[in-house]
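Below is one structure, written out as structure tokens; the observations come after it.
The values are calculated or read from the model by the stated rules, or taken from the named source; none is laboratory data. Since the model is a prediction, treat every value here as computed from it, not as a measurement. Glycine also receives a Cβ, built like all others from the backbone with ideal geometry; neighbour counts cover every protein chain displayed.
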Amino acid sequence: MHELSIAQSIAETVEIKAAECNAVRVKRVRLRIGEANGIVTDSLAFCFEMVASLTPILAGAYLSIDRVPHRAHCRCCSREFDVSNFVARCPTCEEWSTEVISGNELEILDMEIEAK
């Protein structure tokens, strides 16, 4: 389950940033996760809750996740389309010359804190 290691990395990063901001508590962490990452968001939220509970500043923090669709752009006909089952073949001209334009994201967008 790679969601546990991702949750640990997120918690470590947020804890460092919260300390820099003189936070006494982190209330919420907002992420952007692309569909192509293969991350099970419910599992990630569960793992984050578990990891966060071990650190006083993160205990009770809520994980908010913005999902980004897996999309591609066709270099031949310029159409943008949803990628289905990781097959990035253009549904219009059926060419394979495509470029993934979204869906690979894994970012911490922001966090809500209580400051000292």
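Of everything in the stretch 75-116, what is under 15 Å from I33 (Cβ atoms) and small (G, A, S)? Give them in sequence order. Hits for the stretch 75-116 are S102, G103.
Is one or more of the residues making up the stretch 15-36 free of Cβ contacts under 8 Å to residues at least 60 places away in the same chain, within 26 Å of V100 (Cβ to Cβ), more than 12 Å from the chain's Cα centre (by Cα) and in a helix (DSSP H, G or I)? Checking the stretch 15-36: not a single residue is free of Cβ contacts under 8 Å to residues at least 60 places away in the same chain, within 26 Å of V100 (Cβ to Cβ), more than 12 Å from the chain's Cα centre (by Cα) and in a helix (DSSP H, G or I).
None of A72, A45, A61 is farther than 19 Å from L31 by Cβ, of a type in the set (G, A, S), touching a Phe, Trp or Tyr at 6+ places or on another chain (Cβ under 9 Å) and modelled with pLDDT of 95 or more except A72.
Among the residues of this structure, F81 does not count as one that is closer than 26 Å to E114 by Cα, surrounded by 14 or more Cβ atoms within 10 Å (Cβ to Cβ) and of a type outside the set (V, I, T).
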